[in-house]
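Asks: Dropping the structure in here first, questions after.
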Amino acid sequence: MTPTWAQLGYLVAAICFVLALKGLSSPRTARTGNLIGAAGAALAVVVVLAADRPRNLLAILGAIVLGSVLAVPVARRVQMTAMPQLVAVFNGVGGGAAALVALLELAETSGAGGWLELLAVAFSVLVGAVSFSGSLLTFAKLQELMTTRPVLFAGGPYVFGGALLVAAALAVGVVLDGGLWLGVVLAVVGLVVGLLLVLPVGGADVPVVISLLNAFTGLTVAAGGYVLGNSLLLVAGTLVGASGTLLTRMMATAMGRSVQNILFGAFRTPAGAVAATAGEARPVRSAGADDVAILLGYARKVVIVPGYGLAVAQAQHTIHELADVLEQRGVDVSYAIHPVAGRMPGHMNVLLAEADVPYEQLKEMDSANPELRTADVALVVGANDVVNPAARTSPGSPIYGMPILDVDSAQAVVFLKRSMRPGFAGIDNELLHDPKTTLLFGDAKDSLTKLVASLKA
Amino acid sequence: MRPVGEGVALLTVFVLAVFVGFEVVSKVSSTLHTPLMSGANAIHGIILVGAILVAGNAESTLTLVVALVAVVLATANLVGGFVVTDRMLHMFRGRGRGPGGGGR
């Protein structure tokens, strides 16, 4: 039985977690919030070690040290562009740990618990395994260890549905039978379900999936708390599960998509994809770096729209250099940041902050669109869907209704693009064929370096 | 098997925590979506407490080994999660955002 003082300690830790999430919701208090969360976690670990007096204390401490030694250097040194996949890995191992804890509890009690507890065990094992394999697959996608395009195969939806049915049947089996082996099989099926869930999701949507899996892990931990009768795990896991679900929906809304569409959209061929291939043959105006440099150098006001391509090419420092060169020539430079620019919502702010771009130059949607109306040049670096006027003008388009940056209201538009390939939504961008648009093909970082060089010349 | 009353008490805690979870993040700006997700990610690493509990009560060597693996994984989630969130938020600091924000 957990002593009263330990339960009070858990209560304090739970309060810390609520305050941490609250703090993280506002820029001014975010850092303090995170520290409060860490303090709560540290308190909880001390409390469990002191109250439970585990028999294998040394081995446990050794494992804690090992886990810290593995995680802290990576967390401290990781490139900010690679941060989303690191979060995915941390989420995955957390889900894996929760699944293992539930399996072990199943082994210890060997089915002696009530059906509600066994249901919680089954949930924890299944969803923890889904979160583990799904998160590791998102890591592979973001790290570009595999293709970032949706992976589809014939009968994919049926295989996925079948795997879900098998998992549900096994979960019922665990509840009725309470045997360990059924639990182990359930975990294996869960791993397969996790892979099938993430495979059809495209690279640009992966962040939303990470957020969803994050919420899954939270619920897994909550179920683990129910199994172990530990109120702290229950509260902390539920907090993350609930806030993570809401956050996932907010992220999807910011991209003008629904969560269902992100997860299962690739199963259906979007009607717009046909139009995109038909559009490839139409003329566009492309130019060399020198021409674009002249256009930028003689502008009064340039608004930079950084996107996914900039994050992939890790060009955040180069774009800052370009902005500096332009400012020395007396050009008014600002950045228009779409809420989902980069690899995750808010990621672009982190990247540009890392490159020491002054905060005042970053304009969010509401203030960026009036700026664009008075701009001479809108410089779009590796973004496509977030500036596609189809979101405003063509009700049939898959992205119709998504809030976009109105780069078409600038005097001239320059796109730095790798190819004519459409953005993730798979639809053609009319703006690319507009007479006032100029394209500069190539890797974002290379193109920006060339622009800086010719502006300095 | 635990008494029914205790199960219901835990269920009550669960339902209330759902509402708190929704409430605390309902007004977050999109700029902070990523750090918030990362911070929430760190918080569920608290499964470490559960992993310590099962490791402490492990009867056989096999269960102990599996439990220790869970401890390692949970620690990586918990500690790594808070460290990477702090680094992310560090980027937002010292940017002249209001008084006292600059100077570094």
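Asks: Scan region A:79-96 residue by residue and report those that are at the interface with chain B (Cβ under 7 Å from one of its Cβ atoms), among the aliphatic types (A, V, I, L, M) and free of Cβ contacts under 8 Å to residues at least 60 places away in the same chain.
Replies: Answer for region A:79-96, where residues must be at the interface with chain B (Cβ under 7 Å from one of its Cβ atoms), among the aliphatic types (A, V, I, L, M) and free of Cβ contacts under 8 Å to residues at least 60 places away in the same chain: A:Leu86, A:Val93.
Asks: Kindly state which helices (runs of 4 or more DSSP H) lie completely within region A:102-217 and contain at least 1 residues that are within 24 Å of A:Gly244 (Cβ to Cβ) and free of Cβ contacts under 8 Å to residues at least 24 places away in the same chain.
Replies: The helices (runs of 4 or more DSSP H) meeting that bar are A:115-142, A:156-177.
Asks: Here's something else I'd like to know. From the list A:Ser419, A:Ser394, A:Ser454, A:Ser447, which one is hydroxyl-bearing (Ser, Thr, Tyr) and over 18 Å from A:Ala287 (Cα atoms)?
Replies: So the residue among A:Ser419, A:Ser394, A:Ser454, A:Ser447 that is hydroxyl-bearing (Ser, Thr, Tyr) and over 18 Å from A:Ala287 (Cα atoms) is A:Ser394.
Asks: Could you tell me whether A:Ala275 is surrounded by 20 or more Cβ atoms within 10 Å (Cβ to Cβ), part of a helix (DSSP H, G or I), among the aliphatic types (A, V, I, L, M) and modelled with pLDDT under 75?
Replies: In short, no.
Asks: If you take the residues in region A:155-172 that are over 27 Å from the mean Cα position of the chain (by Cα) and modelled with pLDDT of 90 or more, which one is surrounded by the fewest Cβ atoms within 10 Å (Cβ to Cβ)?
Replies: The selected residue is A:Leu165.
Asks: Mind checking whether some residue in region B:68-78 is over 12 Å from A:Phe90 (Cβ atoms), out of contact with any helix residue (DSSP H, G or I) (no Cβ under 6 Å at 6 or more places or on another chain) and either facing chain A (nearest Cβ under 7 Å) or surrounded by 24 or more Cβ atoms within 10 Å (Cβ to Cβ) (or both)?
Replies: Within region B:68-78, one or more residues are over 12 Å from A:Phe90 (Cβ atoms), out of contact with any helix residue (DSSP H, G or I) (no Cβ under 6 Å at 6 or more places or on another chain) and either facing chain A (nearest Cβ under 7 Å) or surrounded by 24 or more Cβ atoms within 10 Å (Cβ to Cβ) (or both).
Asks: If you check A:Thr248, A:Thr238, which single one turns out to be closer than 24 Å to A:Tyr10 by Cβ, under 24 Å from the mean Cα position of the chain (by Cα) and part of a helix (DSSP H, G or I)?
Replies: It is A:Thr238.
Okay, residues lined up against (1) in contact (Cβ under 8 Å) with a residue 40 or more places away in the chain; (2) more than 20 Å from A:Leu35 (Cβ to Cβ); (3) not hydrophobic (A, V, I, L, M, F, W, C):
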site: B:Leu11; (1), (2), (3): no, yes, no
site: B:Ala17; (1), (2), (3): no, yes, no
site: B:Phe22; (1), (2), (3): no, yes, no
site: B:Val28; (1), (2), (3): no, no, no
site: B:Gly39; (1), (2), (3): yes, no, yes
site: B:His44; (1), (2), (3): no, no, yes
site: B:Gly50; (1), (2), (3): no, yes, yes
site: B:Ala55; (1), (2), (3): no, yes, no
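Asks: Failed condition for A:Val184, given (1) within 13 Å of chain B (Cβ to nearest Cβ); (2) buried (at least 22 other Cβ atoms within 10 Å of the Cβ); (3) modelled with pLDDT of 90 or more, with all others met?
Replies: Among (1) within 13 Å of chain B (Cβ to nearest Cβ); (2) buried (at least 22 other Cβ atoms within 10 Å of the Cβ); (3) modelled with pLDDT of 90 or more, A:Val184 violates only (2).
Asks: Need at least 1 residues that are modelled with pLDDT of 80 or more, at negative phi and more than 22 Å from the chain's Cα centre (by Cα) per element, so show me which strands (runs of 3 or more DSSP E) inside region A:348-457 make the cut, counting only ones lying wholly within it.
Replies: The qualifying strands (runs of 3 or more DSSP E) are A:377-381, A:412-417, A:437-441.
Asks: Which numbered condition trips up B:Leu10, out of (1) at pLDDT 90 or above; (2) surrounded by 14 or more Cβ atoms within 10 Å (Cβ to Cβ)?
Replies: (1)
Asks: While we're looking at this one, here's another question. Which residues, counting only those in region A:295-337, are out of contact with any strand residue (DSSP E or B) (no Cβ under 9 Å at 6 or more places or on another chain), assigned to a helix (DSSP H, G or I), more than 27 Å from A:Asp205 (Cα to Cα) and touching a residue at least 24 places away in the same chain (Cβ under 8 Å)?
Replies: Selection gives A:Gly297, A:Glu321, A:Val325.
Asks: Working only within region B:5-61, note down all residues that are within 7 Å of chain A (Cβ to nearest Cβ) and aromatic (Phe, Trp, Tyr).
Replies: B:Phe14, B:Phe22
Asks: Is it fair to say A:Arg55 is basic (Lys, Arg), closer than 30 Å to B:Leu62 by Cα and facing chain B (nearest Cβ under 7 Å)?
Replies: Against the criterion (basic (Lys, Arg), closer than 30 Å to B:Leu62 by Cα and facing chain B (nearest Cβ under 7 Å)), A:Arg55 qualifies.
Asks: Tell me, yes or no, whether region B:48-68 has at least one residue that is at pLDDT below 90 and within 16 Å of A:Asn214 (Cα to Cα).
Replies: No, every residue in region B:48-68 fails to be at pLDDT below 90 and within 16 Å of A:Asn214 (Cα to Cα).
Asks: Follow-up question, since we're still on this one. Which of the numbered conditions does A:Val12 fail, given that it passes all the others? Conditions: (1) closer than 22 Å to B:Phe19 by Cα; (2) in a helix (DSSP H, G or I); (3) within 9 Å of chain B (Cβ to nearest Cβ).
Replies: Result: A:Val12 fails condition (3) only.
Asks: While we're looking at this one, here's another question. Quick check, is A:Gly346 crowded, with 24+ Cβ neighbours inside 10 Å and in contact with a His (Cβ under 6 Å, 6 or more places away or on another chain)?
Replies: The answer is yes for A:Gly346.
Asks: I've got another one for you. Taking A:Gly67 as meeting all but one of (1) free of Cβ contacts under 8 Å to residues at least 40 places away in the same chain; (2) closer than 29 Å to A:His317 by Cβ; (3) crowded, with 22+ Cβ neighbours inside 10 Å, write down the number of the exception.
Replies: All conditions pass for A:Gly67, except number (2).
The values are calculated or read from the model by the stated rules, or taken from the named source; none is laboratory data. Bear in mind that the values here come from a model prediction, so they are computed numbers and not experimental data. When we count neighbours, we look across all protein chains shown, and the Cβ atoms used for this are built from the backbone with ideal geometry, even at glycine.
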